[in-house]
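**Student:** Okay, here's the structure, questions in a sec.
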Amino acid sequence: MKFFIDTANLTEISEANNMGILDGVTTNPSLMAKEGISDVNGHYLKICEMVDGDVSAEVISTDYEGIVREGRELVKIHDNITVKIPMIKDGVKAISTLAAEGVKINCTLIFNVAQALIAAKAGAKYVSPFIGRLDDIGQDGMVLIEDIRQVFDNYDLDTEILAASIRHNQHLLACMLAGADVATLPFKVIEGMIKHPLTDSGLAKFLADHAKSKG
Ligand code: G3P
């Protein structure tokens with residue numbers, strides 16, 4: 001399974017990347033705003049130069065011409081750029097156009113299997129189902145990952161399932177069991193994966209015993 005980090009924070013990206021576990025980065029306009037980024041394209045370039053993997057850069061336009069124009073500009077920044085396009089009618093049309101030009105697309109804001117199938121048929125490299133946001137409205141986000149996996153396998157679709165809006169370890173575990181291709185993780189979830197209280201207490205005992213044995 002590939003791990004992406006879901007942030008625009010360069011310190012977090014650098015720390016995760018230095019652990020050697022990062023396969024890519026996803027951003028969105030909210031994450032960019034959270035970091036107070038004004039030179040958005042310059043920021044994408046910095047991320048691309050740090051991480052050897054796909055970096056999702058989201059379009060702001062919602063009309064076909066605007067999405068295509070933005071997508072063509074974004075891919076000029078760096079080979080790692082993957083254009084993130086929302087699941088709307090003009091977005092689907094733009095995915096078809098850009099994918100035919102060889103642009104890597106991440107179709108975002110996916111909340112049901114039909115949306116995922118349409119994005120795949122249009123040529124998206126990734127679909128991003130938002131698990132946590134479905135949980136927020138009382139639905140089971142993990143069932144969506146399982147269902148998309150089943151449908152993509154039934155029809156031999158090679159679009160990758162990029163599980164997004166992951167809030168905690170249990171989401172990640174369920175994604176792994178359901179066969180998501182990629183999980184994009186907030187930094188705190190990555191930190192949570194590493195920590196276990198028995199690891200901490202076990203290490204403390206090893207170190208204390210070592211100190212004792214040295215007299
Ligand atoms: O990758 C999409 C993600 O950033 C959304 O997460 O927690 O805002 O639902 P969240």
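The values are calculated or read from the model by the stated rules, or taken from the named source; none is laboratory data. This structure is a prediction, so every number in the text was calculated from the model and none was measured. Glycine also receives a Cβ, built like all others from the backbone with ideal geometry; neighbour counts cover every protein chain displayed. What goes into the accessible areas is simple: the full protein's heavy atoms, side chains included, and nothing from ligands, DNA or RNA. Shrake-Rupley method; radii C 1.70, N 1.55, O 1.52, S 1.80 Å.
**Student:** Give me the one-decimal nm value for the distance between modelled label points at Gln170 and Lys212, 7 Å along each residue's Cα-to-Cβ direction.
**Tutor:** It works out to 3.8 nm between the two label points.
**Student:** Could I ask something else about it? To the nearest 10 square angstrom, what accessible area does Lys205 show with a 1.4 Å probe?
**Tutor:** 120
**Student:** How much area per residue is accessible in the range 2-214 when the probe is 1.4 Å and only protein heavy atoms are counted (Å²)?
**Tutor:** Here the per-residue accessible area is 50 Å².
**Student:** Among Ile60, Ile13, Ile137, which one shows the biggest mean-square fluctuation in a GNM of the chain, springs joining Cα atoms closer than 10 Å?
**Tutor:** Ile137
**Student:** Report, ordered by chain and residue number, the aspartates and glutamates lying within cross-link reach of Lys188, taken as a straight Cα distance under 15 Å and ignoring same-chain residues fewer than 8 apart.
**Tutor:** Partners within reach: Asp6, Glu12, Glu15.
**Student:** Cα to Cα, under 17 Å, and not fewer than 8 places away if on the same chain: which lysines meet these conditions relative to Lys89?
**Tutor:** Lys121
**Student:** Sticking with this structure for a sec: For Ser56, what residues show an amide H to amide H distance below 5 Å, using hydrogens built from the backbone and excluding near sequence neighbours?
**Tutor:** Under 5 Å from the amide H of Ser56 lie the amide H atoms of Val25, Thr26, Thr27, Thr82, each far enough along the sequence or on another chain.
**Student:** In addition: Using only DSSP helix segments of four residues or longer, with each worth -39500 (n - 2.57), what per-residue ellipticity at 222 nm results for the chain after dividing by its residue count and rounding to 500?
**Tutor:** -16000 deg cm²/dmol, from helical runs alone.
**Student:** Using a probe of 1.4 angstrom, how much of the accessible area of the range 25-129 is carbon and sulfur, in percent?
**Tutor:** In the range 25-129, the share of accessible area belonging to carbon and sulfur is 53 percent.
**Student:** Identify, among Phe3, Ser30, Asn169, the residue whose Cα sits farthest towards the positive end of the charge dipole of the chain, taking +1 on the Cβ of Lys and Arg and -1 on the Cβ of Asp and Glu, with the dipole about the Cα centre.
**Tutor:** Farthest towards the positive end: Asn169.
**Student:** Sticking with this structure for a sec: Sorting check: for 74-87, 154-167, which peptide has the highest mean count of neighbouring beta carbons within 10 Å, and how do the rest follow?
**Tutor:** Top of the packing list down: 74-87, 154-167.
**Student:** So who's got an amide H within less than 5 Å of the one on Glu160, skipping anything under 5 residues away but keeping other chains? H placed 1.01 Å off N, in plane.
**Tutor:** Answer set, sorted by chain and number: Tyr126, Val127.
**Student:** How high is the relative contact order of the range 104-215, given as a whole-number percent (alpha carbon pairs under 8 Å, six or more residues apart)?
**Tutor:** 21
**Student:** Further question: Where a ≥ b ≥ c are the square roots of the eigenvalues of the C-alpha gyration tensor, would you call the range 26-174 rounded, which needs a/c under 1.5, or, failing that, prolate if a/b is larger than b/c, or oblate?
**Tutor:** Since a/c reaches 1.5 but b/c is at least a/b, the shape of the range 26-174 is classed as oblate.
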